[in-house]
Amino acid sequence: MSVLEVDDVVVEFDTDAGRITAVDGVSLHLATGETLGLVGESGCGKSTLARAIMQLVPMQRGSVRLEGTDLGSLSRRELRRMRHRIQMVFQDPRGSLDPRMNVSTLIGEPLRVHGIGDRASRAKAVAEAMELVGLPVAVADRLPSELSGGQQQRVGIARAIVTDPAVLVCDEPVSALDVSIQAQIINVLDELRDELDLAMLFIAHDLSVVRHLSDRVAVMYLGQIVETGTASEVFGEPRHPYTHGLISSVPRADAESAARLQTARRMVLGELPSLLDPPSGCRYRTRCPYATAQCAEAEPPPEPVGRAGGLHMVRCHHWRTIVSAAPEPQESATSQELAI
Amino acid sequence: MSGMPLLEVEDLHVTFRTASGPVHAVDGVSFTMKPGSSLGVVGESGSGKSVTARALLRLFAITDDVQISGAVHFDGQDLLRIDERRLRDVRGGQIGMIFQDPLTSLNPLMAVGEQIAESLRLHRGMSRSEAAAEAVELLARVGIADPEQRATELPSSFSGGMRQRVMISLAIACRPRLLIADEPTTALDVTVQAEILLLLDELRRSEGMALMLITHDFGVVAATCDDVQVMYAGKLVEKASMAHLFDRANHPYTEGLLRLVPRFEDAHTGRLHPIPGQPPITGGGGSSCAFAPRCSYAVDRCRSEVPPEVAVGPQHLSACWLATDRAKDNTEAGQPWRRAQ
């Protein structure tokens, strides 16, 4: 059973320039012990979706069910009682920690806020959380300013897991960190998922990190999920031209690096359209090398790819005729194969 | 291509005096660049890679208490010894620079076309109308659509990627012979990054300028640079052609950097391998290998003597006491970072 079920969520905002739909009918689900990677570029709505799931921004439509309970139907007080089951890790560890609290107070804070346990059991839970994220006992009395960036993010993660959540929502948890610290934090998340059987929604723009951590992946573009499936399906056999472009854009340390960027340039044309005036029909058509009149007229529905009952889904009118070509180094014929 | 180097850096030292003592940010760095060549400089935060670039043009804050020594030969003069007025001609003239955040380098209150034109009048002595026309031309060359209209707009009306294009057009306005790009794509989305990297590569070839690209990402270097040098604690620890480095990374720090990031082509294959510990906050200046405390291969000698640069292949240097031994069993198949993790 899914521990988190997100169904047809729509989030709209009023901006100075007009109303925008930041999240446009997104559905996803997460099982225990599973990591879903959510990728897409700035402004695609992935962080807004995370906030909607956390019930931090109002939804215009749709539902978020956590362990079977529809979070939108709860009163404020009931929602607060559920919150310890779904927790969030943020991008900027320093900005999300109160500078006047020491490490053990910071990690214990969610327990006090949610009224979980007594003093002794809280102290035990804090010690356990510190051990799980690899924080030495010696830093318990330190202030955030006395910690390294990696330790600060470990505190952020410890705060999120100390309430024993079923779901962890991580919004760009490593993108503000130096490369060697990133590797440490990625390992911490990897270990926690295994040890605590967490369901994890992992939001990041770094596709290599997402592929490393995720069982399944969803690709967002202008508020919609355009492709989803297992990590090896989406990254190994991308069907949507945007997914293909994203993958080709990742600079890799090999001899084909520059050639791959040329593929990316062909798959992602021009600039991101404004959410104030999104394209009709397929959201991606203004940047797509395969777009036809049909793409402007009708919005492509999510269609299953591959075997029946499989997880691979794509929203593209032409996915059947666009030959999938995983942009791997040995497949230098990529560009020819893609020409329809 | 002429055999004369365009840039020759000799024994560069940069030391900051701070409240908690001196920081040897750059500790005896020497390298050369040929005209039209491309060089990637890779390292963690604090490795000295950005400070090296800033030292070439003495671009430091007034509040920095900084000491620079060595020599930076560029176009027949030592940039460390010429006066401030002549150095200003070089900055933004023969040497262009772009940074991670274009907003901090662009005037927010001035139309982008005017900013480019100002530089053209200053460095290339163009008239007002010539400069205005050339500014539009430059915006078109870096791939900005509708350049006449966009030239009249403020930096704030451009997206992150377009702003970096504006910054690049400003940097190449005076036809520099060297373009220094310090983490130019770190703040950008991946498809925009791809565009900017391709643009830098194309401009390098079409303008015949040399490119020095500073980054923490070997993938970015692979896409844009022929040569690479790796910095640690203010020193160059390895230099090679990028093609050579893929197959024959020699220095344990380079190996560590290559291993610590997940590679896109690998599905989940177990835990990553972070380099234990942290770089020294005081930079270099010690009497041992600065990497030894974090190095799993370190032997006694590494902790008592600074390793010299050793040739381990054609134009391939590694500053490691074990470099020769490592080069011997360092075949492509033996590259630990390539093996399944």
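Screening A:L192 with (1) within 14 Å of chain B (Cβ to nearest Cβ); (2) farther than 29 Å from B:P280 by Cα; (3) within 16 Å of the chain's Cα centre (by Cα) gives one miss only, at (3). The set of residues from the stretch B:159-193 being of a type in the set (A, V, I, L, M, F, W, C), in contact with a helix residue (DSSP H, G or I) (Cβ under 6 Å, 6 or more places away or on another chain) and closer than 11 Å to B:Q100 by Cα comprises B:M167, B:L188. Is it the case, given these coordinates, that B:G93 is in contact with a His (Cβ under 7 Å, 6 or more places away or on another chain) and not β-branched (V, I, T)? Yes; evaluated as a whole, the condition is true for this residue.
When restricted to residues that are in contact (Cβ under 8 Å) with a residue 40 or more places away in the chain, within 8 Å of chain A (Cβ to nearest Cβ) and under 25 Å from B:K49 (Cα atoms), the stretch B:262-304 contains 2.
Can you go through B:L59, B:L39 and tell me which one is assigned by TED's automatic domain parsing to the domain that holds B:P184 and buried (at least 21 other Cβ atoms within 10 Å of the Cβ)? If you could, list the steps in order and put the result at the bottom.
On the way: B:L59 fails: buried (at least 21 other Cβ atoms within 10 Å of the Cβ).
None of the other options fit; the residue is B:L39.
Within the stretch A:80-91, the set of residues being surrounded by 15 or more Cβ atoms within 10 Å (Cβ to Cβ), of a type outside the set (V, I, T) and touching a residue at least 24 places away in the same chain (Cβ under 8 Å) comprises A:R83, A:H84, A:R85, A:Q87, A:M88, A:F90, A:Q91. Among all residues of the stretch B:275-287, there is none that is in contact with a Cys (Cβ under 8 Å, 6 or more places away or on another chain) and part of a loop (DSSP other than H, G, I, E, B).
When we screen A:A253, A:A258 for residues that are facing another protein chain (nearest Cβ under 8 Å), open to solvent by 10 Å² or more (accessible area, probe 1.4 Å) and either touching a strand residue (DSSP E or B) at 6+ places or on another chain (Cβ under 9 Å) or not in a loop (DSSP other than H, G, I, E, B) (or both), the only hit is A:A258. Of all residues being modelled with pLDDT under 90 and facing chain B (nearest Cβ under 7 Å) in the stretch A:175-189, which is surrounded by the most Cβ atoms within 10 Å (Cβ to Cβ)? Just the residue, please. For the stretch A:175-189, the residue satisfying everything is A:S180. Scoring A:G150 on the criteria (1) modelled with pLDDT under 95; (2) open to solvent by less than 10 Å² (accessible area, probe 1.4 Å); (3) not in a helix (DSSP H, G or I) leaves a single failure, condition (3). Take the residues of the stretch A:195-212 that are at the interface with chain B (Cβ under 7 Å from one of its Cβ atoms) and either touching a Ser or Thr at 6+ places or on another chain (Cβ under 9 Å) or at pLDDT 95 or above (or both): which is most open to solvent (accessible area, probe 1.4 Å)? Within the stretch A:195-212, the match that is most open to solvent (accessible area, probe 1.4 Å) is A:H205.
Checking each residue of the stretch A:313-325 against the condition of being open to solvent by 20 Å² or more (accessible area, probe 1.4 Å), more than 29 Å from B:E265 (Cβ to Cβ) and free of Cβ contacts under 8 Å to residues at least 12 places away in the same chain gives no match. Pairing residues of the stretch A:185-198 that are touching a residue at least 24 places away in the same chain (Cβ under 8 Å) and assigned by TED's automatic domain parsing to the domain that holds A:A158 with residues that are among the hydroxyl-bearing types (S, T, Y) and open to solvent by 10 Å² or more (accessible area, probe 1.4 Å), at Cβ distances under 7 Å and at least 6 apart in sequence or on separate chains, gives A:D197/A:T32.
Of everything listed in (1) out of contact with any helix residue (DSSP H, G or I) (no Cβ under 6 Å at 6 or more places or on another chain); (2) modelled with pLDDT of 95 or more, the single unmet condition for A:V23 is (1).
Name the residue, out of A:D7, A:D24, that is open to solvent by 20 Å² or more (accessible area, probe 1.4 Å), among the acidic types (D, E) and closer than 23 Å to A:P273 by Cβ. Even if it seems obvious, please write down each step before you answer.
Values: A:D7 fails: closer than 23 Å to A:P273 by Cβ.
After applying the criteria, what remains is A:D24.
One residue alone among B:L103, B:L120 is part of a helix (DSSP H, G or I), out of contact with any Gly (no Cβ under 8 Å at 6 or more places or on another chain) and touching a residue at least 60 places away in the same chain (Cβ under 8 Å), and that residue is B:L103. In the stretch A:262-289, of all residues being modelled with pLDDT under 95 and among the hydroxyl-bearing types (S, T, Y), the one that is farthest from A:W319 (Cα to Cα) corresponds to A:S274.
All of (1) within 8 Å of chain A (Cβ to nearest Cβ); (2) surrounded by fewer than 23 Cβ atoms within 10 Å (Cβ to Cβ); (3) within 27 Å of B:A25 (Cβ to Cβ) hold for B:T186 with one exception: (1). For the stretch B:91-115, filtering for residues that are open to solvent by less than 30 Å² (accessible area, probe 1.4 Å) and touching a strand residue (DSSP E or B) at 6+ places or on another chain (Cβ under 7 Å) leaves 4.
For residues that are in a strand (DSSP E or B) and farther than 27 Å from B:I275 by Cβ, tally how many sit in the stretch B:1-48.
As a first pass, look at the stretch B:1-48 and keep what is in a strand (DSSP E or B): B:7-18, B:21-33, B:38-42.
Adding the requirement that they be farther than 27 Å from B:I275 by Cβ leaves B:7-8, B:10-11, B:17, B:32-33.
The number of residues fulfilling the criteria is 7.
Would you say A:G43 is more than 14 Å from chain B (Cβ to nearest Cβ), touching a residue at least 24 places away in the same chain (Cβ under 8 Å) and not in a strand (DSSP E or B)? Against the criterion (more than 14 Å from chain B (Cβ to nearest Cβ), touching a residue at least 24 places away in the same chain (Cβ under 8 Å) and not in a strand (DSSP E or B)), A:G43 does not qualify. State yes or no: is B:L199 within 11 Å of chain A (Cβ to nearest Cβ) and more than 16 Å from the chain's Cα centre (by Cα)? Yes, satisfied. Close Cβ contacts (under 8 Å, 6 or more residues apart or on different chains) running from residues in the stretch B:237-250 that are basic (K, R) to residues that are assigned to a helix (DSSP H, G or I) and open to solvent by 40 Å² or more (accessible area, probe 1.4 Å) comprise B:R248/B:E332.
Taking helices (runs of 4 or more DSSP H) as the structural unit, those lying wholly within the stretch B:199-273 and holding at least 2 residues that are among the aliphatic types (A, V, I, L, M) and buried (at least 22 other Cβ atoms within 10 Å of the Cβ) correspond to B:218-224, B:242-248. I need the full set of residues from the stretch B:142-176 which are over 25 Å from B:R88 (Cα atoms), charged (D, E, K, R) and not in a loop (DSSP other than H, G, I, E, B), in order please. Result: B:E148, B:R150. If you check A:D171 against the conditions, is it within 18 Å of the chain's Cα centre (by Cα) and not hydroxyl-bearing (S, T, Y)? It is true that A:D171 is within 18 Å of the chain's Cα centre (by Cα) and not hydroxyl-bearing (S, T, Y). Of all residues in the stretch A:138-154, those satisfying the criterion of being over 29 Å from the mean Cα position of the chain (by Cα) and either under 21 Å from B:P276 (Cβ atoms) or of a type outside the set (A, V, I, L, M, F, W, C) (or both) are A:A138, A:V139, A:D141, A:R142, A:E146.
The values are calculated or read from the model by the stated rules, or taken from the named source; none is laboratory data. What you are looking at is a predicted structure, and each value in this text was computed from that prediction instead of being measured. In this analysis, Cβ positions are derived from the backbone assuming ideal geometry, glycine residues included, and neighbour counts consider all displayed protein chains. Only protein heavy atoms, including side chains, enter the accessible area calculation; ligands, DNA and RNA are left aside. Shrake-Rupley method; radii C 1.70, N 1.55, O 1.52, S 1.80 Å.
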